[in-house]
Amino acid sequence: MDRRPPRLRPSGPSSEPADPRPGSSARHDAGAASVEHAGLVLLVALALLAAISSFAAGGGDRSARELGTALTQKIRCAARLSDTCWRDPLTDAYGRSVAGLVRSLAPPPVTVSSGSGPLLPVDFRRCRSVSCSLPGPRSPALTASNRRTSAFVHVIDERGSSGDVTLTYWLYRPTLGWESVVRRATSEQVEAAAATPLLDSDVPVLVPLETLPGRNHFRFAEGEEPPWRWEVVG
């Protein structure tokens, strides 16, 4: 006969058994801490972004505002993680205020007559023949090959010596060569145009010669030699 006392059940409220795996509690705490840390970093970044944006839009001298704008862009790009963070090449080359001026004064696409028909200005790196420079049927800003018109830009900023900003837009058309359009602006005009929107879809596409890789070493047909070769510093 079994004389062992009966097993007693706990009289208190039932509870789930603790996880017997070693270190499980520590891993849970570490995971929670990681989430809290990420949230704190994001909060600090947003606060810093707001402060820099306010500074970039308001007080400070021109160079300080451009620095604020650059920092704002960097923080925004980092927050997008794996997304592509497009940055206007004009801003990279000239700073935000001059970039706005360059965009605001860009000449609209205009055709020029040739022996093969009217030609639009194009990017010589992608088009060297008449066929891809002809205007397309969809829009006066698009070529027959469905590409946006282009212009190459050279900027001389003499505001530091009480001068103006000189913008030269170089337009290339196959078989016709190069045409230049020159604009000048005062410091006040630069500031007034600084907020001009800079979009990836803008027409014409503007290419800064100062940051164009290998700009002095492209080969051209006779009669199409660029006048800006070896003349651009940057």
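The values are calculated or read from the model by the stated rules, or taken from the named source; none is laboratory data. Keep in mind that this is a model prediction, so the values were computed, not measured. With ideal geometry, Cβ positions are generated from the backbone for all residues, glycine too; neighbour counts draw on all protein chains shown.
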Return the total of residues in region 120-135 being of a type in the set (Val, Ile, Thr) and surrounded by fewer than 20 Cβ atoms within 10 Å (Cβ to Cβ).
1
In region 222-234, residue surrounded by the most Cβ atoms within 10 Å (Cβ to Cβ) [restricted to those that are at pLDDT below 95 and within 19 Å of LEU176 (Cα to Cα)]:
GLY223
Which members of region 148-175 meet the condition of being surrounded by fewer than 19 Cβ atoms within 10 Å (Cβ to Cβ) and farther than 23 Å from ASP92 by Cα?
SER162, THR175
Given the condition in a strand (DSSP E or B), assigned by TED's automatic domain parsing to the domain that holds SER129 and over 13 Å from THR91 (Cα atoms), answer yes or no: does some residue in region 203-216 qualify?
yes
What about THR149, is it in contact (Cβ under 8 Å) with a residue 24 or more places away in the chain and out of contact with any Phe, Trp or Tyr (no Cβ under 7 Å at 6 or more places or on another chain)?
yes
If you take the residues of region 102-114 that are among the small types (Gly, Ala, Ser) and out of contact with any helix residue (DSSP H, G or I) (no Cβ under 9 Å at 6 or more places or on another chain), which of them is farthest from GLY136 (Cα to Cα)?
ALA106
Hey, does region 153-176 have a residue that's within 17 Å of PRO107 (Cα to Cα) and either of a type in the set (Gly, Ala, Ser) or in a helix (DSSP H, G or I) (or both)?
no
Taking the condition of being closer than 26 Å to ARG159 by Cα and out of contact with any helix residue (DSSP H, G or I) (no Cβ under 7 Å at 6 or more places or on another chain), how many residues in region 208-217 meet it?
1
Return yes when VAL98 is in contact with an Asp or Glu (Cβ under 8 Å, 6 or more places away or on another chain), over 23 Å from GLU225 (Cα atoms) and of a type in the set (A, V, I, L, M, F, W, C) and no when it is not.
yes
Of ALA185, ALA151, ALA144, ALA193, which residue is hydrophobic (A, V, I, L, M, F, W, C), touching a Cys at 6+ places or on another chain (Cβ under 7 Å) and either closer than 19 Å to SER113 by Cα or at pLDDT 95 or above (or both)?
ALA144
Taking the condition part of a loop (DSSP other than H, G, I, E, B), exposed (fewer than 15 other Cβ atoms within 10 Å of the Cβ) and of a type in the set (Gly, Ala, Ser), does SER145 pass?
yes
